[in-house]
Structures are given as structure tokens and as C-alpha cells.
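Step one of this worksheet: look at the structure below.
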Amino acid sequence: MRKKVLSGTRPTGDLHIGHLIGALSNWVKLQEDYDAYYFVADIHSFTNNLSTDKKNYYYSIVKDMLAAGLDPERSTIFVQSEVPEHAELATYLSMATPLSWVERCPTFKDAIRDLKAKGVVTRDSRGQDSKAGDEVQENVVSVGLLSYPILMTSDIVLYDADFVPVGKDQMAHLEISREIVRRFNHLFGETFVEPEGLLTKFPLLLGPDRRKMSKSYGNCIALNDEADVINKKVMSMITDPEKIRKDDPGHPEICNVFTYHKIFGTPELDRISAECASGELGCVACKRNCAQTLSKILSEHQEKRNDLSDEEIRRILDRGREKAREAASAKMDKVKKNMGLII
Ligand code: TRP
């Protein structure tokens, strides 16, 4: 039997190139060796974003998943809220989870700090993570935000996922998931598989301004950006601060543009590196080349996206929901049986 992997992404914005090289390309590789479950974590998205205008993102995200290479024949692709067992199991799990475990979760503390700084996003009509004037409620920390690791645990154990590909920031949650599973199994008998985090190793991709690529910084290169937008963003990239004039010797090893060349596979890397260092290659020409590399990759990605209609995505999600519910409802029967509930 193949081992299972599971991961999710929130529908709070269009995906960007950081998601492509971080999560998506890894998900695509994993589907070769594992039974893979990938879902749109729409219930999760309400922990810090109460916008009711997220529908377009579902389709956009699933199109990006498929364009990146996920195969709905092999991977089960679905929407969290369409499988009600996620919310149902979270309620049962919450009974076996000590309050202190979720209270001391480091990301909970960080999230409270963020919310205090930014405010919860409410019904911003653009569905964007922005301060929308008086639509923003300040300082609202919901019970849902506190219990977020429990819902995440439910997502994982409902399918007996053995591995969860996550970034470093999610590792603390996965530790809580493992603790919840151990405690539940101890209290009610062997019910769930204890999941393991698969720390995804990928190169850190900074935005053009060298800060972490993030929607709230407005420094993302989106997977659906057009060539002229990509061009503008790449041309604005901060390069080696010591290379002021074209013929100053540069240091590719510390230059963000060179990192992009490496990650996205611009040809003749060695030549670029040598000519930057010797002062033959100026930053403007180098960035133009980088914009070309990115535009080529993204235009291929977009071509694949554009071949997918919303109706087709809906069909894929319907099929994913059926497959997911089959596994989820069998698991719920086992949970109820072990907890001594009537079934
Ligand atoms: N926590 C992830 C995020 O914030 C999404 C997510 C929800 C998830 N449930 C999960 C990831 C279960 C892995 C496993 O984007």
C-alpha cells in the first residue's frame, strides 16, 4: 500500500511564484510516490480573513495546481468545506485537546500580534488582505483562530495521512497534531495514524524588494502576471548594492536576480556569473534576461491554465469530493465507534 500525503492551501489570493517553487512543484513530485490529497483550505481561511468574496480564488488555485502538473487521476483534489467531516471531526478532537496546547502554540501568539497590527479582514469586496477603511474590525481574535491547529489535525487524520509537506512555519502545528493523535489514541483506542512533517527544502525566494514574498507587502510576482507586469517587477529588483555602474564588478552570490536565474533556469549561468563579476554585464541587461526567463515559464503555465474551464475544475472538484468523502466517512464511523457513540 502506498503511503499517503496531504496538504492544503488557503483561498485568500492568487498564487505567486514562491508557491510554485515552494509548495506546488513539491506536491507534483510527491504524487509520483504517494497517494496524495490536496485541498483548498477554505474553512481555515476564515481564521484571519472574513471576506465572503473568495470564490474566484478556488478556481484560480486549482487551475494553478493542475497547470503546475497535479494530475486529478492520481491526486485527490477537493475543497475542505465540501467534506463536512473535517468540521465534524474537529469538534470531537477538540474534546481530547487540552486548552494549554493550543494557547501556547507559537503561531497563535504571532497571529494575535499580526491581527492587532492589521485588524481582521472583513467583507472587503475585493477579497484582499488589505485594510478596507471602516470595514476592518480591530483586534478580533476568534475561537476559530485558537482552535486552528485542531482543524488542521482533523484535515490530516481524516485520511490517515502519513506525511504532511509543510514549510518551517507549520512545523509547530504538526507537532500539536501528533500530540493530539497520541492522546486521542490513548483515550479512545487506536484510531488515527500519527502524521510526520515533510519539511520541504526549497530555495528562499525573496520579492523584488528583497523582503519575503507576501501579499501583504505587495511584492509578489503572481502566476497569472502578464509579460509586461513581470518585466516591470523584475526591472525594479534590487541587485548587488556595490554594483552601481554597469561596469562595476558585481557579486552574483549575493544578488537576488542571480538567485532567480538559478531557480528558474536561465541558460548560461556560468557566463552570467563571470560577466557580472568582471563588469562586462550590467544589471539592466541581466534583469532583462531574467524577465525573459520568468515570462517564458509563466506564459507556458498560463497557457495550460487558460485551457481549463471553470466547468472542468468544478467536475474535478466534484470527483475529489466523492473520493475524499468516502475515506472521511469511513474514518468518522471508526471515531464514533471508538468513542462509544451510537452509530
Ligand atoms: N495551514 C495551511 C495554511 O495556512 C493550510 C492547511 C490547512 C494545511 N490544513 C492543512 C496544510 C493540513 C497541511 C495540512 O496555508
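FYI, it's all coordinate maths here, none of it is from the lab. What you are looking at is a predicted structure, and each value in this text was computed from that prediction instead of being measured. Positions of Cβ are generated from backbone atoms using ideal geometry, with glycine treated the same way; all protein chains shown enter the neighbour counts.
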Stretch gain in nm, segment LYS109-ASN56, where the contour uses 0.36 nm per residue and the Cα spacing is subtracted: 16.0 nm
Under Karplus coefficients 6.51, -1.76 and 1.60, residue-wise ³J(HN,Hα) of the stretch 19-24 in Hz, glycine/proline x: 5, 5, 7, x, 7, 4
Pairwise FRET efficiency - GLU242 versus HIS186, Cβ, R0 = 45 Å, nearest 0.05: 0.15
Taking N as the number of residues in the stretch 227-304, the ratio of its alpha carbon radius of gyration to 2.2 N^0.38 Å works out to 1.07
Listed residues ILE156, ILE297, ILE221; largest mean-square fluctuation, Gaussian network over the chain with Cα springs below 10 Å, found at ILE297
If a paramagnetic tag sat 7 Å from the Cα of LYS334 along the Cα-Cβ line, which residues of the stretch 1-44 would have the backbone N under 13 Å from that point? 4
If you average the alpha carbon positions of the stretch 45-95 and of the stretch 135-196, how far apart do those two centres end up, in angstrom? 15 Å
Using unit Cβ charges (K, R positive; D, E negative) and no other charged atoms, how large, in debye to the nearest 20, is the dipole of the chain about its Cα centre? 480 debye
If you place +1 on the Cβ of every Lys and Arg, -1 on the Cβ of every Asp and Glu, and leave all else neutral, what size is the dipole of the stretch 227-304 about its Cα centre, to the nearest 20 Debye? 300 debye
For the pair GLU73/GLU300, report the inter-label distance in nm, with labels modelled 7 Å from Cα in the Cβ direction. 2.1 nm
Taking the Cβ-Cβ separation of VAL143 and ASP209 as r and a Förster radius of 41 Å, what is the calculated FRET efficiency to the nearest 0.05? 0.70
Can you sort TYR92, TYR159 so the residue with the fewest Cβ neighbours within 10 Å comes first? TYR92, TYR159
Measure nothing fancy, just the Cα-based angle from helix 148-157's long axis to the longest principal axis of the chain, in degrees from 0 to 90, nearest 10. 80 degrees
From the convex hull of the Cα coordinates of the chain, what is the mean projected area in square nanometres? 19.0 nm²
0 to 90° range, to nearest 10: angle between helix 269-278 axis and the chain longest Cα axis: 50 degrees
List SER154, SER51, SER142 from most exposed to least, where exposure is judged by having the fewest other Cβ atoms within 10 Å. SER142, SER51, SER154
By how many degrees, 0 to 90 and rounded to 10, does the Cα axis of helix 55-68 deviate from the longest principal axis of the chain? 70 degrees
Stretchable slack from LEU269 to MET171, in nm (0.36 nm times residue separation minus alpha-carbon distance): 31.9 nm
Sorting ASP270, ASP14, ASP248 on the 10 Å Cβ count, fewest up front, what's the list? ASP270, ASP248, ASP14
